[in-house]
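My questions all concern the structure below.
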Amino acid sequence: MARNKESWRVPKIWPGGECFILGGGPSLAALDINDLKGRRVIAVNGAYKLANWIDVMFFGDCRWLNQWGKGLLDFAGLKVTTCEQHAGKPGIQWVKRRSSPYGIATDPAMVSWNLSSGACAINLAVHFGVKRIVLLGFDMRIVDNQHNYHADYPPVKKDPYGRFLRVFPKIKEDLDAKGIECVNATPGSALTVFPIMTLKEAMCSPSPVC
């Protein structure tokens, strides 16, 4: 049974590098995914379907695989979850979930849940060893009555974003302490603890050459 399995220890596969994390917000619909080809990319939940060259997909909602994960096992990239019930399934790496405190867990066999899969994926990126994180699709608000860039999920009865946003000041504090830059390339986002910029600006910075 999954409870007898040992948690995966996340390796530093991108030491000193940069990665882009694809959330699920409405703004992601306008993204030209090919702009990111050749960059390191973590896709949250169904965002892995946007391109077959995405490096990593991450999901933290244990229901997601059963309800919306059809085709995931054919995804060639690294697949990571915090759901112990899915440990041992073909190609899926299971990492322990820390419910509290919020922020960045330092044990590579554990990630802080931080109330959402998108926020949790930031901790995964830190374990990979990156020094710069760019967030995409982190609207953290309802846009034109849409919560997601797709229509796969049922309508959300209650706005969750006020709750989700509570964890990010602590995440930023921990990232700053580690010298890790994080920017939010989601213009109009309600997540303002990180600098907000366009994707082009994020890809051109900090290098002056674009």
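Within region 114-147, which residues are at pLDDT below 90 and out of contact with any Leu (no Cβ under 8 Å at 6 or more places or on another chain)?
Answer for region 114-147, where residues must be at pLDDT below 90 and out of contact with any Leu (no Cβ under 8 Å at 6 or more places or on another chain): R141, I142, V143, D144, N145, Q146, H147.
Moving on. Tell me which of these P90 doesn't satisfy, since it passes every other one: (1) surrounded by 13 or more Cβ atoms within 10 Å (Cβ to Cβ); (2) part of a loop (DSSP other than H, G, I, E, B); (3) not charged (D, E, K, R).
(1)
Restricting to region 41-79, and then to whatever is assigned to a helix (DSSP H, G or I), among the aliphatic types (A, V, I, L, M) and surrounded by fewer than 24 Cβ atoms within 10 Å (Cβ to Cβ), can you tell me which residue is nearest to the chain's Cα centre (by Cα)?
That would be L50.
In this structure, does G137 turn out to be among the small types (G, A, S), within 9 Å of the chain's Cα centre (by Cα), within 15 Å of F58 (Cα to Cα) and surrounded by 24 or more Cβ atoms within 10 Å (Cβ to Cβ)?
no
Also, I was wondering about something else. Would you mind finding the one in V95, V111, V44 that is in contact with a Ser or Thr (Cβ under 9 Å, 6 or more places away or on another chain), more than 27 Å from L199 (Cα to Cα) and of a type in the set (V, I, T)?
V95
What residue, of A87, A47, A105, A29, is in contact (Cβ under 8 Å) with a residue 24 or more places away in the chain, more than 29 Å from C204 (Cβ to Cβ) and of a type outside the set (S, T, N, Q)? Lay out the reasoning, then the answer.
Details: A47 fails: more than 29 Å from C204 (Cβ to Cβ); A105 fails: in contact (Cβ under 8 Å) with a residue 24 or more places away in the chain; A29 fails: more than 29 Å from C204 (Cβ to Cβ).
Checking each option against the conditions leaves just A87.
The values are calculated or read from the model by the stated rules, or taken from the named source; none is laboratory data. Keep in mind the model is a prediction, meaning the values are calculated, not measured. In this analysis, Cβ positions are derived from the backbone assuming ideal geometry, glycine residues included, and neighbour counts consider all displayed protein chains.
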